[in-house]
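The values are calculated or read from the model by the stated rules, or taken from the named source; none is laboratory data. Since this is a predicted model, take the numbers as computed values, not measurements. Backbone-built Cβ (ideal geometry, glycine too); neighbour counts: all protein chains shown. Accessible surface is based on the protein model in full, side chains and every heavy atom, while ligands, DNA and RNA are left aside. Shrake-Rupley method; radii C 1.70, N 1.55, O 1.52, S 1.80 Å.
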Amino acid sequence: MEAPVIQIQDVTKVYHMGEVEVHALRGISLEVQPGEIMAIMGPSGSGKSTLMNVIGCLDQPTSGSYFMEGVDVGGLDDDQLADIRKRKIGFVFQTFNLLARTNAFENVTLPLIYAGVPRAERHTRARAALGAVGLAGRMAHQPTELSGGEQQRVAIARALINNPSIILADEPTGNLDSKSGAEVMALLLRLNRQQGITVVLVSHDPNIARSTSRIVHLSDGQVSGEEIVPQPVEVGE
Amino acid sequence: MLEATRLAWRALMANKLRAGLTMLGIIIGVGAVITLMSVGDGVQAYITDQFRSIGANLLIVFPGSVQDPMAGMASLISDKAALLTVGDAEALADRARVPDLVAVAPQLTRFGRVSVGRDETLTQVSGVTPEFMQVRTWYPVVGEFIGTQDMEGRSRVVVLGQTVVKDLFADNPYPLGETVKINNIAFRVVGVMEEKGGATAFSDQDDMVFVPLTTAQTRLFPSRTLAGERGVSTIMGQAVSDERIDAVKEQISTVLRERHDIAFRDEDDFSIISQAGLIDVFGQIMDVITIFLGSIAAVSLVVGGIGIMNIMLVSVTERTREIGLRKAVGARRRDILQQFLIEAVALAILGGVVGTGVGAAGAATVTYLIGEFEAKLSADAVLLATTVSALVGLASGLYPAWRAARLNPIDALRYE
């Protein structure tokens, strides 16, 4: 059997806000298998974002272990973490985080620049990625010329372009109207189903969460429940 | 690297006005440095040229210590008793003792009032011998120069320089046979010198009149040394060739030390200056002035650097989310550092290039306004200015870039 994409064991995270210690994560264990699509739910302050940051190698846990595809991520320095993010992780943010005054093509190829991919190859891969999210014709468009849903699809194309092991989506539909939200969600589901891309997303919208196959509930920095969704909700594209 | 440069260019283009204003500091600094250096070089080249026109084989012996050649030159205009004498000149003219000197021309020069009727001009009156022509390779354009008979007869004859002719005989360029008064003594004009050129604030070789040395010593500026000899203010000599200049200096020195009774350990009481020596001295003076002015101009480069640092810090803050995103998609510290450093350096170099243009225009303007010399844009100055502005950019970009590189991606992404 393949190693889990994510294998987290007893992870804690403690922040120091001046004198106060904030226990954001209090011993979380979690595994995500290749090809899975999973949602994390929980009230605000439950540690969702912190967990996503740890999974996304943006932050190191205070204690506990984290293996990504069998590789120990604990104890890596900033540059090594950047390297993991570059090769294995695609991020999708609630606020899209596209670069302003930069067209879709260049936004999508941003990760490739840091990966040192030659320009010609960047071009073919950007075409493929934008094609996969249904925006092949919008290469030269600036973010301001795109709708919210289209911007998020550009962001997904950017997350896809390095053929990552996992896509981490933090409230991907949070800033979208329900129609574009459904489209974006359908896109993620399709990518998961057709290309076998592992997806972990955070959402507080039960409808979004219920369209995945597994939901992990967090509260107060701990896993408070886990459910397998037997019949995921279909979202129309 | 190429990508980072493209990126920097786009970032600057995104905010043209701001980039332009930021560059202004560097532009002004580099422009000022380039203009000043060009003008300095131009003046130096001009003066060097002026000295060169004196003649390469020329040596001038001044009274006064060699340690302080400028003080020796001061005796040219002061009435201090001359330490050089006609006897010295005669000794130097002795081919047996100074074999490498082909001609010797003693000179007694003082300022004097030269007048025709009511017109009067203050000019240099130089008592010379016929050898002067050969030594200076300077000849009359009409009439004749001071001759041997004039010397023996202490004649009251005068040869005028072009500037004096223009001052006193506005309608008559060849006033042969006319009478002029020098310090109220009447002299007959026997010749007019050809134009030597080079009217500057420093010297006008044509603003001069020549009389026989003997006449100057007895009738115009009578004075004697303690030993009772007739003094001269300088002795010019023409070496046999410019390779023999150093040998000639040695020979002159030996003769004069012996004549002046200078003990073995003591310093010379005269200085021997060759054209090369003069050029050196003025070159040093000009260098000091150029460096001094240049460092004042360089202050504005520093101010420009502070401007760049300031705007880069603002830029880093404004683009915090962008930095966060770049880090999230895999940019290392080094990538971010490089991006902002290149942006700062690009600002500075761009400023440097524009500043060089401004400096060139400044130099051209000075050349146009003064007209006497050409303020040349030297490759050195351009190279220096560009290098310095790149370094200024690097220095002022370092801290902002480091701040950007060190940003935590999580905080940066959350930044509003």
(request) Report the calculated FRET efficiency for B:Leu2 and B:Leu369 (r = Cβ-Cβ distance, R0 = 35 Å), to the nearest 0.05. (result) 0.20
(message) Can you compute the label reach from B:Glu416? Point 7 Å from Cα along the Cβ direction, backbone N cut-off under 20 Å, restricted to the stretch B:283-322.
(response) B:317-322
(request) Have a look at A:Ile89, A:Ile197, A:Ile113 and tell me which one the Gaussian network model of chain A (Cα, springs below 10 Å) gives the largest fluctuation. (result) A:Ile113
(message) Per residue, how large is the accessible surface of the stretch B:1-45? Use a 1.4 angstrom probe and give square angstrom.
(response) 47
(message) At 1.4 Å probe radius, can you tell me the per residue accessible area of the stretch B:65-268 in Å²?
(response) 50
(message) Which aspartates and glutamates, if any, have their Cα less than 17 Å from the Cα of B:Lys196, not counting same-chain residues under 8 positions apart?
(response) B:Asp49, B:Glu144, B:Asp167, B:Asp204, B:Asp206, B:Asp207, B:Glu372
(message) What does the extension gain come out to for B:Glu194 and B:Ala390, with contour length at 0.36 nm per residue minus their alpha carbon separation?
(response) 65.3 nm
(request) Pop out a list of residues from the stretch B:312-340 that are at least 40 Å² less accessible with all the protein chains around than in their chain alone; 1.4 Å probe, no ligands or nucleic acids counted. (result) B:Arg321, B:Leu325, B:Arg326, B:Ala328, B:Val329, B:Gly330, B:Arg332, B:Arg333
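Diagonalise the Cα gyration tensor of the protein assembly as shown and give the resulting equivalent ellipsoid semi-axes, square root of 5 times each eigenvalue, largest first, whole Å.
The three semi-axes for the protein assembly as shown are 93, 24, 18 Å.
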(request) Mind listing, in residue-number order, the residues in the stretch A:105-139 that have at least 20 Å² less accessible area with every protein chain present than in their own chain alone (1.4 Å probe)? (result) A:Glu106, A:Leu110, A:Pro111, A:Ile113, A:Tyr114, A:Arg119, A:Arg122
(message) Using only the heavy atoms of the protein chains and a 1.4 Å probe, how would A:Thr124, B:Thr48, B:Thr215 rank by accessible area, largest first?
(response) A:Thr124, B:Thr48, B:Thr215
(message) Net charge within 14 Å of A:Asp220 by Cβ-Cβ distance, Lys/Arg positive one each and Asp/Glu negative one each, not counting A:Asp220 itself?
(response) +3
(request) Among DSSP beta bridges lying fully in the stretch B:65-268, give the percent that are antiparallel, nearest 5. (result) 75
(request) Stick to Cα atoms and the Kirkwood definition of Rh, then tell me Rg/Rh for chain B. (result) 1.24
(message) As an exercise, use a Förster radius of 30 Å and the Cβ-Cβ distance of B:Val240 and B:Val288 to find the FRET efficiency, rounded to the nearest 0.05.
(response) 0.30
(request) Could you work out the relative contact order of chain B, using alpha carbon pairs under 8 angstrom and six or more residues apart, expressed as a whole percent? (result) 29
(message) Counting protein heavy atoms only and a 1.4 angstrom probe, how many square angstrom of accessible surface do chains A and B bury in total, to the nearest 100?
(response) 2100
(request) Over the stretch B:94-239, with every protein chain in place, what whole percent of the accessible area is carbon and sulfur at 1.4 Å, could you tell me? (result) 46
(message) Tell me the angle of helix B:2-13 to the major Cα principal axis of chain B, expressed in degrees between 0 and 90 and rounded to the nearest ten.
(response) 80
(request) Express the relative contact order of chain A as a whole percentage, based on alpha carbon pairs under 8 Å and six or more residues apart in sequence. (result) 27
(request) Report the residue, chosen from A:Ser211, A:Ser46, A:Ser147, that carries the largest GNM mean-square fluctuation when chain A is represented by alpha-carbon nodes joined by springs under 10 Å. (result) A:Ser147
(message) If I stretch the segment between B:Thr179 and B:Glu90 completely, what's the gain in nm (0.36 nm per residue apart, minus their alpha carbon distance), one decimal?
(response) 28.9 nm
(request) Leaving ligands, DNA and RNA out of it, report the carbon-plus-sulfur percent of the accessible area of the stretch B:331-390 at a 1.4 Å probe. (result) 69
(request) Counting only heavy atoms of the protein chains, get the accessible area per residue of chain A (1.4 Å probe) and round it to a whole Å² value. (result) 43
(request) Would you mind getting me the FRET efficiency between B:Asp171 and B:Gln149? Use the beta-carbon distance for r and R0 = 25 Å, nearest 0.05. (result) 0.20
(message) Assuming 0.36 nm per residue, please report the length gained on full extension of the stretch B:Arg334 to B:Glu318 beyond their Cα-Cα distance.
(response) 3.8 nm
(request) Would you mind working out the magnitude of the charge dipole of chain B relative to its Cα centre, with +1 at each Lys and Arg C-beta and -1 at each Asp and Glu C-beta, to the nearest 20 Debye? (result) 2220
(message) Once neighbouring chains are kept in place and the probe is 1.4 Å, which whole percent of the accessible area of the stretch A:98-172 is contributed by carbon and sulfur?
(response) 50
(request) Distance check, please: which entries in A:Lys48/A:Lys86; A:Lys13/B:Lys327; A:Lys88/B:Lys327; A:Lys86/B:Lys327 exceed 19 angstrom between their Cα atoms? (result) A:Lys48/A:Lys86; A:Lys13/B:Lys327
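Only bridges whose two residues both fall in the protein assembly as shown count here: according to DSSP, what percent of them are antiparallel, nearest 5?
The answer is about 70 percent antiparallel.
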(message) Nothing charged except the Cβ atoms of Lys and Arg (+1) and of Asp and Glu (-1): what's the magnitude of the dipole of the stretch B:65-268 about its Cα centre? Round to the nearest 20 debye.
(response) 660
(message) With both bridge residues required to lie in chain A, what share of the DSSP beta bridges run antiparallel, to the nearest 5%?
(response) 60
(message) Which of B:Gly40, B:Gly177, B:Gly29 ends up with the largest GNM mean-square fluctuation for chain B, with Cα atoms connected below 10 Å?
(response) B:Gly177
